[in-house]
1. Placing +1 at every Lys and Arg Cβ and -1 at every Asp and Glu Cβ, with all other atoms neutral, what dipole size does the stretch B:27-317 have around its Cα centre, in debye to the nearest 20?
2. Can you compute the FRET efficiency between residue B:14 and residue B:92 using 1/(1 + (r/R0)^6), with r the Cβ-Cβ distance and R0 = 35 Å? Round to the nearest 0.05.
3. In peptide A:94-107, how many Cβ atoms from other protein chains are near each Cβ within 10 Å, on average?
4. Give the distance, in whole Å, between the Cα centre of the stretch A:191-239 and the Cα centre of the stretch B:132-196.
5. Any chance you could check the Cα centroid distance between the stretch B:20-46 and the stretch B:234-259 for me, in angstrom?
6. In whole Å, what are the extents of the stretch A:1-49 along the principal axes defined by its C-alpha atoms, from largest to smallest?
7. Measuring from centroid to centroid over Cα atoms, what is the spacing of the stretch A:88-125 and the stretch A:1-68 in Å?
8. Hey, what D do you get for the stretch B:160-279 in µm²/s if you plug the Kirkwood alpha-carbon radius into Stokes-Einstein at 25 °C and 0.890 mPa s?
Amino acid sequence: MDQIIGNIDLLIQFPIVNLKIILDGVMIGALFALAAYGLALVWGVMNVKNLAQGDFVIGGGYVSWWLANNVGLHPLLGVPIAFVVMWGIGWVTYKLVISRVIERDLFTSLLATFGLAIMYAQLMNLMFGSDTQSLVLDVTALGLENNYYFADGLIDLPAAKIIGVALAAILATCVILFMKRSRMGQAIRATAQDARAARVMGIDTEKVYAFTFSLNSAICGAAGAIIVMVWVIQPFYGITYSVRAFVIVTAAGLGNLPGVIAAGLGIGAAEQYGSHVFGIGYQQAIAVMLLLAVLVYRLLQQKRNRQVLQ
Amino acid sequence: MNIQKIGFYGILLAITIAAPFLFPNYTTQLATLWLFIIVSMTWDMTGGQMGYNSLGNIFFYGTGMYVAAVIAIGLVYDVGEYTGASGGGRYDFTNEQYIIGFVLGSLGAGLFCAFSAFILGYVLFGLRGPYFAIGTLGTAIAAGELVSNWDWVGGGQGITLPVYGGDFDQTKLFIYFAFAITGVVLFIFLNWLYKTRFGAAMNAIRDDEEKAEAMGIHTMRYKLVAWAMSAFFIGVVGGISAFQLISFEPLESAYQTINLGIFMVVCVLLGGKGTLWGPIIGAIAFQVFKEVTWNYFLGWQWVALGALIVVTVVYFQDGLMGWLKHTKPEWFGLTVDEKESETRATSKAEAAAR
């Protein structure tokens, strides 16, 4: 208890620490928002709740990590390659499993993707070992410094984090433009609105589903390739990203892009605050507790419209 | 009850009692098999019979473990001191203290879990469909994380329970029969429950909750009581497991969300949802598969299990009982109208042609 009060006291005495926590939170939140956007896409278009979301993220991270260590590829180039590789893996997953659960009840997709999550995590464990891994992004060659300091050195901002957030923003913008402007994007949105009507209009919904799922997997993969430069990855970290993606999508609702971004950034900041105040051991617990809080809040919201026997 | 049925149950009971003596090297595995059967049957109470697919029933298992351990230790020593020594200090238990702790601990764990099911259910049962699954899963994960930060019960290191002073093989037999008796009691209880009005109400909630409500069934009460009953039994076996494992920690053995938490669902799906025998058959099939992969595909066992989950869920969701019901309806006392089955066959053929 004393420790918690002491931690809060620190926040009040040095307001600049708040800024550091918020900055950290917003940066990690931007990557959560990417994974959550993919989840919302799949959830909205084909009504599949993908619990293997986080494992796609970690998978993308390992693609970049493996290439950097074995081929000597620059970590920044790992991002597009992870995008492409995870696209392929997403497509195979779709064809083998997901395409057969679309028409089924929601619990089926939840459980099937849970099985997939266990499988992927174990495969990565067997292939890359269970140690935590990360990549060092050296940007001095590009004429930048590796670390920037503000406020008399109280706030340090690694260039890797800035570049990571910038890449995430670029990726998100590209995906949004693609969804708004391109023919395929239109087809995806039409299928999300009404799959039957879309089929009547001559849209090959099967192709749209496959494309959507692959796109989701690819977005997650690119996010993972950014995460490996900024934080660490480990085969079993996937579930935490899945949980966070669920928190964000449940809080923001489907098809609400500004909501997803705001919720992503907010959850990143809330988590950083929580782990600062309560201690780093509670970081996971806070993410899950937020999910429960959001679910209960939405429940209370809907309770007003529902009249049951008491 | 006719003579055939009595004979059938008699043989099963005889096998149950004889098994640990016939295969003394496999007593622990047989005890685990009972654990799987019990948790699958309890999962089926809400999942199969009532239509509420919980992914977080493991919460009661982990909580049961901790409650049983705290009761057993708390009867003799100060819990904080005991866990503070983390198995290092000298804390002896007489055999009498061990047995009393075991019985009171397991029953207390059951009661505590039933009580917590009431409280949790009050919040979570408002959630429908997949949200209920996610909500319960979140509860289980959060509980594991919180307990692993709680120093009074040993934090991330967990608790090391006292061991029985007597013979080691004797302890194993004792644990086996504790599981087996719980399982038999649960089976008799469920066999009776599913035939009562209460069982019918549970099925009504599964089939159409709104209509059940309109028919005057207090759905919330039924849901709470059903979940509390299943939580009681999970809590009891959780408590027994704590004494079986002796040493356990929160994330991997108590609140093992991705192991037992998901296995119980797969067992039920494998055997057949919403049937009395389905979970039992599924649990046996799953346990055999698990042991075989553990022995022969070491390192790949988890991949094999993940694949089993995916295949079961995607291709074989009716389970063995569902498949049997489809192929041999007369075994279940179902008569199939020849005409109806013909029309169904033709409509199926038409659907296939389309």
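Bear in mind these aren't lab numbers, they're just calculated from the coordinates by the rules spelled out. A quick note: this is a predicted structure, and the numbers were derived from the prediction, not measured. Don't worry about glycine lacking a Cβ; one is built from the backbone with ideal geometry, like all the others, and counts go over all protein chains shown.
1. Working: 11 positive and 17 negative charges, 165 e Å.
Value, rounded to 20: 800 debye.
2. On the way: r = 39 Å, r/R0 = 1.10.
The computed FRET efficiency comes out at 0.35.
3. Numbers: counts 0, 0, 2, 5, 1, 1, 4, 4, 0, 0, 3, 4, 6, 13.
Per-residue shielding by partner chains comes out at 3.
4. The stretch A:191-239 and the stretch B:132-196 have Cα centres spaced 39 Å from each other.
5. 14
6. For the stretch A:1-49, the Cα extents along the three principal axes come out at 49, 23, 10 Å.
7. So the two Cα centres are separated by 23 Å.
8. Values: Rh = 16.8 Å.
My calculation gives 146 µm²/s for D.
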